[in-house]
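Shown next, in structure tokens, is the structure this report addresses.
Rule-based calculations on the coordinates, nothing more; no lab input. This one's a predicted model, so the numbers in the text were calculated from it and none came from an experiment. As a convention, Cβ positions derive from the backbone with ideal geometry for all residues, glycine included, and neighbour counts pool all protein chains shown.
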Amino acid sequence: MPAVFAVIDTIPPWAWGAFFIFIVAMLALDLGVLQRNPHAVTMREALVWCGVWGALAFVFAGLVWWWHGAEHGQQFIAGYLVELCLSVDNVFVFILIFAYFKVEPRYQHRVLFWGIIGAVAMRAVFILVGVSVIARFHWILYFFGAFLVYTGVKMALPSKEEVDANPEHNAAVRLFRRFFPVAPQNDGGRFFTISDGRRMATPMFIVLIIIETTDLVFALDSLPAVLAITRDSFVALTSNIFAILGLRSLYFALNGVMQLFRFLKVGLSVILVFIGVKMLIEHWVEISIGASLGVIGGVLATSVLMSVLVPPEPPTAQK
């Protein structure tokens, strides 16, 4: 733990405080004002909020660039873009989970809101611990690099595996059911209710547990990826948080049009392999953050452009 505090101490306390005060204020505005009356988020509303969070992220990148230097500003942008692309996989999983549990569209925003609060807390712990571990055991970079290359190659290969949203197959859900009763049906958008005179969790809370545990798995990919880009705890954490906070809007914007970005996963696999190789060879070959940012931006632009220009294959006729 002392190493973790040493990492935090490299950034002035006021910077950490100002950042988290801003994040809490934006979340309070989102839940307390804009979502006071639960409603289905429209495509237009989602796109507006995608623009808001994206603009805020790049304004913050400009502040980091001005205050912390050009290299750290570029690191923030690269970390933000990589985490945002990794979030696309989260969006696909969220679509499956909400469809499986038949969560009404007007309540999906609330589940994602609290799910992302948990995700922010988990990423904060993971990144701060990860930076401190690298500071003490530099050799772990090679493990992270190999893991990213493996993840990227695996992501590029075709797979017939589907996300298992069955609550009976989720270890966290099974453990929760052993200690707390679950109501047979939802009570509006509430996570807990009174049924037969007993306080019970609703199926909505089970959805929240699955989303939290799913993000825990995705964090295992994003941690090495962001630490391959920067070892600065402030840059790594803030870029991750900005990407995660834009995840809800990204979900509502992409829900139903995921097929338009079918080559994005291939592009992301190329980026993960590139970052992993960069991490493995950095002792012998130094690749500047500017060059890395160019590769990341170029691959993302190409994958999105190919998704738009290349028509999908027609469905195979069933005999």
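Data table
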{"item": "Spherically averaged projected area of the stretch 170-245 from its Cα convex hull (nm²)", "result": "6.6"}
{"item": "Relative contact order for the stretch 2-307, counting Cα pairs under 8 Å that sit 6 or more residues apart, in percent", "result": "32"}
{"item": "Nearest-0.05 FRET efficiency for ALA291 and TYR142, computed from C-beta distance (R0 30 Å)", "result": "0.90"}
{"item": "Rg(Cα) / (2.2 N^0.38 Å) computed for the stretch 2-307, rounded to two decimals", "result": "1.02"}
{"item": "Under the Karplus curve 6.51 cos²θ - 1.76 cosθ + 1.60, θ = phi - 60°, whole-Hz ³J(HN,Hα) for the stretch 132-141, x wherever Gly or Pro sits", "result": "5, 5, 5, 4, 8, 10, 5, 5, 5, 4"}
